[in-house]
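Data block below; observations after.
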Amino acid sequence: PLQEGFFFHAALDADGADLYLVQELLELDGHVDPDRLRDALQLILDRHPLLRASFRQLPGGEVVQRLAGRVTLPWREADTADTALDDVLRADRAEPFILDRPPLLRATLVRDGGRHRLLLTLHHIVADGWSVSVLLRELTAAYRGDELPAPADPRPYLGWLAARDRDGARDAWRQALTGPPEPTRLSALAAAPDDERAPARPEQVDTRLPEEFTAALTGYARAHGLTLSTVVHGAWALLLGALTGSGDIVFGTTVSGRTTEVTGLDSAVGLFINTVPTRVGLRPQETLTELLRRVQDEHSALLDHQHLGLADIQRVAGGGELFDTLVVFENHPAAQPPAAREPGELRITGNEVHDAVHYPLALIVEPGNGGLLLRFKHDATRFDQVAVAVIANRFTALLRTLVADPGRTVARTGLLSGREHAHLAELNATERAVPEATLASLFAAQAARTPDAPAVIFESTTLSYAELDRRAEALARRLRSRGAGPESYVAVAVPRSAELLVALLGVLKAGAAYVPVDLDYPAERVAFVLDDSGARTVVTTTEAAGMLPAGPDRLLVDRDEDLPGADVHEGPVRHAGPDHPAYLIHTSGSTGRPKGVAVTHRAVVNRLAWMQGEYGLGADDRVLQKTPAAFDVSVWEFFWPLMEGATVVLARPGGHRDPGYLAEVIRSRRITTLHFVPSMLAAFTQALDSATDRPDWADSLRRVFCSGEALTGAQAGDWSALTSRSGRAPVPLHNLYGPTEAAVDVTSFAYDGHAGRTVAIGRPVWNTRLHVLDPFLRQVPDGVPGELYLAGTQLARGYHDRPGTTAERFVADPFGGPGERMYRTGDLVRRRTDGVVEYLGRTDRQVKIRGNRIELGEIEAALAALPGVAGAAVIVRDGALAGYAVPVPGTVPDQE
Ligand code: AMP
Ligand code: MG
């Protein structure tokens, strides 16, 4: 079966070097008679019909093997005095076999001063490693003139093969591969080769396990009734699991194919091996020994079915490649020629094999003398020597764990070394002292420091710190009289204006948390948010009040008084503390209901303190506020400047979508700081790129922040190009990352002009720890994709009134102190060795459309709830949502 595969590879790679050409370079000791050696080799070729095989494709497509009667061994002699050994090898390698011209074997005797080397070159399609040991044993014997046992006749084997129950085997494989597994692709970790079609560059990293350790490993295996090959397979599965983040692992294994049902196969020469998939399901709670036992049992169940070709097996599994790594456990009798009878007699003292495998990485295990030899053969265009050496170290470390602690569970068997753990701890050592404060107390302190400084500018209105403080305090008093205080929620439905800031600060001063309500949203969603938050009061304006659904009491921020006489609150003022919620912001929920994220003062104060420490706003800074209040980015746009004596400049309602307006506001208001969602940054850059009438629009800008979705290298590059056009340095661009569930942002990265497809999201903010974990919550090594979990001060309290959903996403932090939680982001990331984190995508069905966070499940639930719709699916296509509905049989749903 494997010959078929080799044949097709040879046909496919007809113009590249043949990877299945094997060179055995033998060192000969003692007197060498070239003619006798040549005769001995010819004798061997005569003895073994399968060595005389050739292959061709018939016009009907079928590939056949022909066994020639007699062929002459191609023989050459070379001398290193004329050609260096390496050149002999290289020239020989460059000479491909033609598969329909037997024999697919040749020999070159190389004289090297007083020594001899015999180069045996063969195509793998006619002999496997086991065959080569038989061949070498016979070669020495034939050279000496010893009588050889009768050679094995291939016919009984071919008869046996033909009689196999192929349908039964297909069924067995179909069952073993039900599911079917996702392909396990280790090369997904490797940097993409510069040229996908570049020929493979075979290289090899060898590790020999110390003898005592090999003995301990063998002892462990024996004590548990396991074969050493099972141990290797199990450890390989653990390694692949930890490197790919998958619990369902497939890799290739090479089996000898020399069935004991046919006698004499152990001394036959031919290609008997086969490559079959090994699938290992990893179970987190299983112990290592239990895992190995199961691997062995599952392997045994398939023993009778290993004769089926890989292409056949892949077909029953649904087609397509299942794996890209291979494990070969060499269990054949090692080449051990008998000792020389007389001094000076020919002996083979060394054997260097030059061959390669067609996989990015293959592990060849050779038991033999001394310790277990592990050879990691790799394609250097995929994995370089260093990467493979690291993999080899991790693999041997896993073997050591197996021996030292076989009762450990899979979930606790991580790959990281002590040094790697220490490095991660260092990256997460972000502790910084931040004052115990609330947004309200920090604003009050700032207002006392700079009462006359401009706090808010909106069109023709400017409010000083003192004025803003006074008006917010007045509102707070009215709210208190309505019962607002710590742990209560007050909705704010005020279009962008100076009043919006009065409203937000008023709610905070009252000790309550604000719930932003975006009046641009559908009435149904507005009603849901109001109802879900439990707010008893909604602060709004005379104009906006008309757009609100029935529900909570309205309090008009643009009218100084409520109903006459109802505004005096005489009870004690209750201030919020750091652990009371500051705001409640709703995000999309996968089950069809948005969920409110309750964020505490401590979390957001930490976020603002970090931002000030990192970027340092001054009194002369002006921050453009343009993000709708229902998005948490608005939180720092509102409050960062107000904590630092700087000015918030509010864009007019709708203005955040209008590049021309924004450029004009930036220029005329001397904006220094603003935020763009990457897709808006791109739209803005593009619009400004063609409008050259005001080249000075960006003069005042000191920094721009992006967040909300992946920032592409192209978007960042275009921004830098645009803002550096007039010969000055580009406006610095910072990529921030974070979910609403962790106080806006938890990582930052300063774009430095270099980026791949996407700009990195960087390192953690203050008092924040990042964990990149696999599905068993094990920390993954640098460079390996994993899910990002967040821990530290900025974590939200959870989802308002949704204990179940909260418990799903805010989970116990196994790396933190007792009782600490971590938030599961659903984001797939990878950490570079320098600690910078790169964003790769999502692990679930949450998407971003122009920065809007959307659970496709929410839209699907809404579609499916419509009359006449039996089922629905939503995907993102070309940056927009596309919905599909399956009608209830017999009905035609209304497409509108
Ligand atoms: P939100 O809660 O709306 O802030 O959305 C949070 C999600 O937006 C994250 O979990 C990411 O999937 C995505 N996101 C936010 N910032 C970035 C960024 N800088 N790069 C890539 N994705 C981001
Ligand atoms: Mg965010």
For this session: Pick out, from the range 68-182, the helices (runs of 4 or more DSSP H) lying fully within it that include 2 or more residues that are surrounded by 14 or more Cβ atoms within 10 Å (Cβ to Cβ) and touching a Lys or Arg at 6+ places or on another chain (Cβ under 9 Å).
Result: 85-93, 129-144, 166-176
Exercise. Here are some residues: G596, G589. Which one is within 16 Å of ligand 1 (Cβ to nearest atom) and buried (at least 22 other Cβ atoms within 10 Å of the Cβ)?
Worked result: G596
Exercise. Do you know which residues across the range 740-775 are away from ligand 2 (no atom under 15 Å from the Cβ) and under 14 Å from A603 (Cα atoms)?
Worked result: W766, N767, R769
For this session: Report, by residue number, each residue of the range 767-795 that is charged (D, E, K, R) and within 12 Å of the chain's Cα centre (by Cα).
Result: D774, D782, E787
For this session: Considering every residue within the range 727-739, establish whether at least one is part of a loop (DSSP other than H, G, I, E, B), among the hydrophobic types (A, V, I, L, M, F, W, C), within 16 Å of ligand 2 (Cβ to nearest atom) and within 26 Å of F638 (Cβ to Cβ).
Result: no
Exercise. T227: within 24 Å of the chain's Cα centre (by Cα) and not small (G, A, S), yes or no?
Worked result: no
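So for the range 686-696 (the condition being more than 16 Å from ligand 2 (Cβ to nearest atom), in contact with a strand residue (DSSP E or B) (Cβ under 6 Å, 6 or more places away or on another chain) and either free of Cβ contacts under 8 Å to residues at least 12 places away in the same chain or more than 30 Å from A791 (Cα to Cα) (or both)), does at least one residue qualify?
no
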Problem set entry | Among (1) under 17 Å from G270 (Cβ atoms); (2) without any contact (Cβ under 8 Å) to a residue 60 or more places away in the chain, the one test that W130 misses | (2)
Exercise. Just one of the numbered conditions (1) open to solvent by 50 Å² or more (accessible area, probe 1.4 Å); (2) in contact with a helix residue (DSSP H, G or I) (Cβ under 8 Å, 6 or more places away or on another chain) is not true of L439; which one?
Worked result: (1)
Exercise. Among the residues of the range 499-509, is there at least one that is closer than 21 Å to H580 by Cα and open to solvent by 10 Å² or more (accessible area, probe 1.4 Å)?
Worked result: yes
Exercise. Between a first residue in the range 45-61 that is within 12 Å of Q3 (Cβ to Cβ) and a second residue that is small (G, A, S), which pairs have beta carbons less than 8 Å apart while being 6 or more apart in sequence or on different chains?
Worked result: L50/A127; L50/A268; L50/G270; A53/A68; A53/G270; S54/A68
Exercise. Here is a list of conditions, (1) within 16 Å of ligand 2 (Cβ to nearest atom); (2) over 18 Å from G613 (Cα atoms); (3) surrounded by 23 or more Cβ atoms within 10 Å (Cβ to Cβ), and A716 meets all of them except one; can you say which number that is?
Worked result: (1)
Problem set entry | strands (runs of 3 or more DSSP E) wholly inside the range 195-285 containing at least 3 residues that are under 24 Å from Y20 (Cα atoms) and open to solvent by less than 30 Å² (accessible area, probe 1.4 Å) | 248-255, 274-281
Problem set entry | So A721, is it assigned to a loop (DSSP other than H, G, I, E, B), among the hydrophobic types (A, V, I, L, M, F, W, C) and either more than 9 Å from ligand 2 (Cβ to nearest atom) or in contact (Cβ under 8 Å) with a residue 60 or more places away in the chain (or both) | no
Seminar exercise, completed: By residue number, the members of the range 837-888 that are within 16 Å of ligand 1 (Cβ to nearest atom) and of a type in the set (D, E, K, R) are E838, R842, D844, R845, K848, R850, R853, E855, E858
Problem set entry | Residues that are of a type in the set (D, E, K, R) and either under 48 Å from the mean Cα position of the chain (by Cα) or at positive phi (or both), drawn from the range 141-164 | R164
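The values are calculated or read from the model by the stated rules, or taken from the named source; none is laboratory data. Predicted model, so just to flag it, every value in this text is computed and none were measured. Here Cβ is always computed from backbone atoms with ideal geometry, including for glycine, and neighbour counts include all displayed protein chains. Quick note on the areas: whole protein, heavy atoms, side chains included, nothing else; ligands and nucleic acids left out. Shrake-Rupley method; radii C 1.70, N 1.55, O 1.52, S 1.80 Å.
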